[in-house]
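Bear in mind that the values in this text are calculations on the coordinates, not laboratory data. All of these numbers come straight from a predicted model, not from anything done at the bench. Please note: Cβ atoms are built from the backbone with ideal geometry, for glycine as well, and neighbour counts cover all protein chains shown.
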Amino acid sequence: MDLVIRNAALADGRHGIDIAIAGERIAAVGPRLAVQGAREIDAAGNLASPPFVDAHFHMDATLSYGLPRVNESGTLLEGIALWGELKPQLAQEALVERAMQYCDWAVARGLLAIRTHVDICDDRLLAVEALLEVKRRVAPWIDLQLVAFPQDGLLRSPSAFDNLKRAIAMGVDVVGGIPHFERTMAQGAESVRLLCEFAAEQGLMVDMHCDETDDPLSRHIETLACETQRLGLQGRVAGSHLTSMHSMDNYYVSKLLPLIAESGVAAIANPLINITLQGRHDTYPKRRGMTRVPELLAAGVPVAFGHDCVMDPWYGLGSGDMLEVAHMGLHVAQMTGQAAMRQCFMAVTETPARILGLQGYGLEPGCNADLVLLDAGGPVEAIRLRAARRLVLRRGQVVSEAPPARATLHLPGRPRNVDFRLTRKE
């Protein structure tokens, strides 16, 4: 074998597991494998996981914080207005440079697959060209999936649909939309129909910003689910944000959840941004704003978490850490049960990998030799600590390494080092 990782823990609860890698593939997984590797790594009981996957991001805007000015209010609407000011000033080379820097951060975080929405309402399609170039450059280490996103509204922006079709022809992967940003509810529903029909004709996946609002009457997810069923798009469609569901009455949601599940539509929540941008018009009590994650999961709907923004007009924080996203999602959704916390880990690994249709993902024989070795004993501890990525592998090659999180104490009679992990004397 080219590489053998010994004595690892896995997210499913197994411990003392060896992972043997030959070339770019995982050859064997099991306890105490009777194989030798040209290189062997002792995981020392730490968690080996498939790489993190971000199901919802905006790479065309990332790391543009402060350009052309800072979002002083921190609101969604000022962020959209700020992006409108920035778009005419965008330069392709600078956009590529910022995206490449973010991709460096992503690799260091063990984030090796990203679905990013790219604004197509600029007739130059400058951001599309830039991110297609970034996709080409990072292909050896990141699976980058692009969504044609009509940021200003498909029907609200006169050239948006033509631009979307041009972007798809250029090599963009997924059809996007934003029905709640259209002028009327009827136009929002019409945009969903047009986009789903186009995706069905082209054999493409769909991922729409859907009902990213506190308005309980914004119900475009209902239309998206119905169009998915009508056009046979089951398993190829995702609704992102779905924050209006947080404000809907329970009776309506009791009908909506089975419809979403039957349609095969996946849900993508963005905990960091949903909790920041929603409920801004509330005094007290304030709504959390994030969609009904536990209820969606209980109904059988796949739910992934996305980072959405990092240091851009909408959000001045972030560093590409999907464990931070899972940590916020766990708290906002009150998912502190043991099984629920593991579901939050899956929401940034296995579930988004299925939604994106990633091939060869996982830690089974035959899968791509892509994995992250985390400085934690299991998925819950990884979320709690936002664990250091000790090792990141892509196709069997080490692409990033990091030291463990340790502090040195100078306290009489106390341990020399602290690693923040719970230890007990039996």
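From the residues Gln397, Ile221, Leu356, which one has its Cα farthest along the dipole of the chain in the positive direction, the dipole being from +1 and -1 charges on Cβ of Lys/Arg and Asp/Glu about the Cα centre?
Of the options given, the answer is Gln397.
Restricting to bridges with both residues inside the stretch 5-49, how much of the DSSP beta-bridge set is antiparallel, in percent to the nearest 5?
Around 65 percent of the beta bridges assigned by DSSP in the stretch 5-49 are antiparallel ones.
Going by Cα centres, the stretch 239-276 and the stretch 349-409 are how many Å apart?
28 Å
Report the FRET efficiency, 1/(1 + (r/R0)^6), for Ser319 and Glu190, where r is their Cβ-Cβ distance and R0 is 45 Å, rounded to 0.05.
0.70
Give me Met185, Met311, Met328 ranked fewest to most by other Cβ atoms within 10 Å of their Cβ, as a rough exposure proxy.
Ordered by Cβ neighbours within 10 Å, fewest first: Met185, Met311, Met328.
What is the fewest-to-most order of Thr75, Thr276, Thr336 by other Cβ atoms lying within 10 Å of their Cβ?
Starting with the residue having the fewest Cβ neighbours, the order is Thr336, Thr75, Thr276.
What net charge do the residues around Glu401 carry, taking every other residue with its C-beta under 9 Å from that of Glu401, with Lys and Arg at +1 and Asp and Glu at -1?
+2
Please order Arg416, Arg395 by the number of other Cβ within 10 Å, starting at the fewest.
Arg416, Arg395
Here are some values of Kirkwood radius over Cα pairs in Å: (i) 21.6; (ii) 23.0; (iii) 22.2. Which one was computed from this structure?
(iii)
222 nm [θ] for the chain, helices only, -39500 (n - 2.57) per DSSP H run of 4+, per residue, to 500?
-10000 deg cm²/dmol
Charges only on Cβ, +1 for Lys and Arg, -1 for Asp and Glu: so what's the dipole of the chain about the Cα centre, in debye to the nearest 20?
With Lys and Arg at +1 and Asp and Glu at -1, about 1340 debye.
Could you size up the charge dipole of the stretch 283-424 around its Cα centre, putting +1 on the beta carbon of Lys and Arg and -1 on that of Asp and Glu, and report it in debye to the nearest 20?
480 debye
Just to confirm a number: summing +1 for Lys and Arg and -1 for Asp and Glu over residues other than Leu146 whose beta-carbon lies under 10 angstrom from that of Leu146, what do you get?
0
May I ask for the angle, rounded to the nearest 10°, between helix 322-332 and the longest principal axis of the chain, with both axes built from Cα atoms and the value confined to 0 to 90°?
On a 0 to 90 degree scale, this one is about 70.
Out of all DSSP beta bridges in the stretch 52-356, what portion is antiparallel? Express it as a percent rounded to 5.
Taking every DSSP beta bridge within the stretch 52-356, about 5 percent pair in antiparallel fashion.
Work out, step by step, the length gained on full extension between Val35 and His281: first 0.36 nm times the residue separation, then minus their alpha carbon distance; give nm to one decimal.
Result for the pair: 82.5 nm of gain on full extension.
Using the basic label-point model (7 angstrom from Cα toward the beta carbon), what is the Ala44 to Trp105 distance in nanometres?
That separation, rounded to one decimal, is 2.8 nm.
What does the charge add up to near Arg25, with Lys and Arg as +1, Asp and Glu as -1, over the other residues with Cβ less than 13 Å from its Cβ?
-2
Taking the DSSP beta bridges in the stretch 207-364 as the whole, what percent of them are antiparallel, to the nearest 5?
Bridges in the stretch 207-364 that DSSP calls antiparallel: roughly 10 percent.
At a 10 angstrom cut-off on C-beta neighbours, averaged per residue, how do the peptides 401-409, 348-356, 226-234 rank from highest to lowest?
348-356, 226-234, 401-409
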